[in-house]
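Engineer: Sharing a structure with you now.
The values are calculated or read from the model by the stated rules, or taken from the named source; none is laboratory data. These figures come from a predicted structure and were not determined experimentally. So basically every Cβ, Gly included, is an ideal-geometry build from the backbone, and we count neighbours across all protein chains shown. These area figures cover heavy atoms from the full protein model, side chains too; ligands, DNA and RNA do not enter into them. Shrake-Rupley method; radii C 1.70, N 1.55, O 1.52, S 1.80 Å.
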Amino acid sequence: MKILKKSIITLIASLLFVGNVYADTIKIATEGAYPPWNNTSKDGKLIGFEVELANFLCIYMKRDCEIVAQDWDGIIPSLRLRKYDAIMAGMSITDERKKVMTFSQGYADEKASLAVMKGSDLEGMKTDKVLDLNKTGGSTSKTLKILSDSLSGKTVCVQSGTIHQNFLDSGKVGSINLRTYKTQDDVNLDLSSGRCDVALAAISSFTDYAKAGNDVVLVGPEYRGGDFGNGVGVGLRQSDQFGADSALGKRDAQLLVDFNKAIDVARKNGKISELAIKWFGFDSSM
């Protein structure tokens, strides 16, 4: 009965989305509110590192692409519902996300940090330069202890549904007042206004905000590994979501192959490094 039920669901899904299976256009979703990874210009156009990279990857794949904006909190569910084919939205590759989707190889490294406004009493926090959560004991334990002591009772702001929230929710930095926001722009605005004592996000998000004349200062270590994943990649559906042998499953599997090949080309010819330096000010390619 379970096998029959699964076959019926697969058949219905194939019939519903058969128009997409053989479509030449790949639809790629981005948030459009996470500069400099992706953003929306004043005239409503999607811009940023990933928007330009997506266009180049599509050229390498010899495919037409449409890049669409999608709110972060619905970006994975909408991928699974086939509203688009791929995600390029500063999405870190984590084991938790791999349970419901798959990823291309990483194309950039999203380094994270805490940030405060200039003059904060947290500016003097002394920790190791890097906190690698793939390691335990020693300097890792020491840095987490310093963070826990320094952040105790502080209001820490973060974008919801991110690896940064996952880390803060884990309890590794002790007792904090956690405040979550829909977008990183909202986090930055409340940090500037004093409603947040400190915020956690990608370093590039804070440096981009600082370029606009805001007195944002990075504090504490740079975060890697563990909750922070293994770089940023293209998010794709698992090929067996509608049956690995179905037309839909084969199309999703081929997209993974094609994106990986295109990323290889973009890395080898220096395009990823070029775009990273343009948008981040440094080479964040992997």
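Engineer: Need pairs with beta-carbon distance below 7 Å; first residue touching a residue at least 24 places away in the same chain (Cβ under 8 Å) and under 19 Å from residue 125 (Cα atoms) and within region 198-213, second open to solvent by 30 Å² or more (accessible area, probe 1.4 Å) and among the hydrophobic types (A, V, I, L, M, F, W, C); sequence gap 6+ or separate chains.
Structural biologist: 203/218; 206/218
Engineer: Within the bounds of region 96-110, is there any residue that is of a type outside the set (Gly, Ala, Ser), farther than 30 Å from residue 54 by Cβ and outside any helix (DSSP H, G or I)?
Structural biologist: Initially, region 96-110 is screened for residues of a type outside the set (Gly, Ala, Ser), giving 96-103, 105, 107, 109-110.
Then drop every residue that is not farther than 30 Å from residue 54 by Cβ, which leaves none.
No - not one qualifying residue is present in region 96-110.
Engineer: The conditions are (1) charged (D, E, K, R); (2) out of contact with any strand residue (DSSP E or B) (no Cβ under 7 Å at 6 or more places or on another chain); (3) closer than 28 Å to residue 208 by Cβ; (4) at pLDDT 95 or above, and residue 31 fails exactly one of them. Which is it?
Structural biologist: Checking residue 31 against (1) charged (D, E, K, R); (2) out of contact with any strand residue (DSSP E or B) (no Cβ under 7 Å at 6 or more places or on another chain); (3) closer than 28 Å to residue 208 by Cβ; (4) at pLDDT 95 or above, the one that fails is (2).
Engineer: How many of the residues in region 48-64 are in contact with a Ser or Thr (Cβ under 9 Å, 6 or more places away or on another chain) and either at positive phi or surrounded by fewer than 20 Cβ atoms within 10 Å (Cβ to Cβ) (or both)?
Structural biologist: 3
Engineer: Now a separate question. Can you find, within region 158-171, the residue that is farthest from residue 41 (Cα to Cα) among those that are in contact (Cβ under 8 Å) with a residue 40 or more places away in the chain and outside any helix (DSSP H, G or I)?
Structural biologist: The initial filter retains those residues of region 158-171 that are in contact (Cβ under 8 Å) with a residue 40 or more places away in the chain, namely 158-164, 166-167, 170.
Cutting the leftovers down to outside any helix (DSSP H, G or I) gives us 158-162, 170.
On the way: 158: 23, 159: 20, 160: 23, 161: 24, 162: 23, 170: 35 Å.
Going through the qualifying residues, I end up with 170.
Engineer: Here is a check on your reading of the model: is residue 218 open to solvent by less than 10 Å² (accessible area, probe 1.4 Å) and either touching a residue at least 24 places away in the same chain (Cβ under 8 Å) or within 18 Å of the chain's Cα centre (by Cα) (or both)?
Structural biologist: On the way: open to solvent by less than 10 Å² (accessible area, probe 1.4 Å): no; either touching a residue at least 24 places away in the same chain (Cβ under 8 Å) or within 18 Å of the chain's Cα centre (by Cα) (or both): yes.
Spelling it out, it is not the case that residue 218 is open to solvent by less than 10 Å² (accessible area, probe 1.4 Å) and either touching a residue at least 24 places away in the same chain (Cβ under 8 Å) or within 18 Å of the chain's Cα centre (by Cα) (or both).
Engineer: Go through region 229-259 and give me each residue that's open to solvent by 40 Å² or more (accessible area, probe 1.4 Å) and within 19 Å of the chain's Cα centre (by Cα).
Structural biologist: 230, 238, 256 - these are the residues of region 229-259 that are open to solvent by 40 Å² or more (accessible area, probe 1.4 Å) and within 19 Å of the chain's Cα centre (by Cα).
Engineer: Let me ask something else. Just the residues that are within 11 Å of residue 176 (Cα to Cα) and buried (at least 16 other Cβ atoms within 10 Å of the Cβ), please, taken from region 146-163. Outline the logic, then answer.
Structural biologist: Here is the first cut: in region 146-163, the residues within 11 Å of residue 176 (Cα to Cα) are 147-157.
The answer is 147, 150, 151, 154, 155, 156, 157.
Engineer: Does region 147-177 hold any residues that are over 24 Å from the mean Cα position of the chain (by Cα) and over 19 Å from residue 203 (Cβ atoms), and which are they? Step through it out loud before you land on a result.
Structural biologist: Keep residues of region 147-177 that are over 24 Å from the mean Cα position of the chain (by Cα), which gives 148-154, 174-175.
Scanning region 147-177 gives 148, 149, 152, 153, 154, 174, 175.
Engineer: Which residue, of 25, 10, is of a type outside the set (A, V, I, L, M), modelled with pLDDT under 95, under 25 Å from residue 247 (Cβ atoms) and surrounded by 16 or more Cβ atoms within 10 Å (Cβ to Cβ)? Break it down into steps so the answer makes sense when it comes.
Structural biologist: Values: 25 fails: surrounded by 16 or more Cβ atoms within 10 Å (Cβ to Cβ).
Selected residue: 10, the only one of 25, 10 that is of a type outside the set (A, V, I, L, M), modelled with pLDDT under 95, under 25 Å from residue 247 (Cβ atoms) and surrounded by 16 or more Cβ atoms within 10 Å (Cβ to Cβ).
Engineer: Filter region 73-108 down to the residues that are open to solvent by 30 Å² or more (accessible area, probe 1.4 Å) and touching a strand residue (DSSP E or B) at 6+ places or on another chain (Cβ under 9 Å) and list them by number.
Structural biologist: Looking only at region 73-108, we keep the residues that are open to solvent by 30 Å² or more (accessible area, probe 1.4 Å), and these are 73, 76-77, 80-81, 83, 95-96, 98-100, 102, 105.
Hits for region 73-108 are 76, 83, 102, 105.
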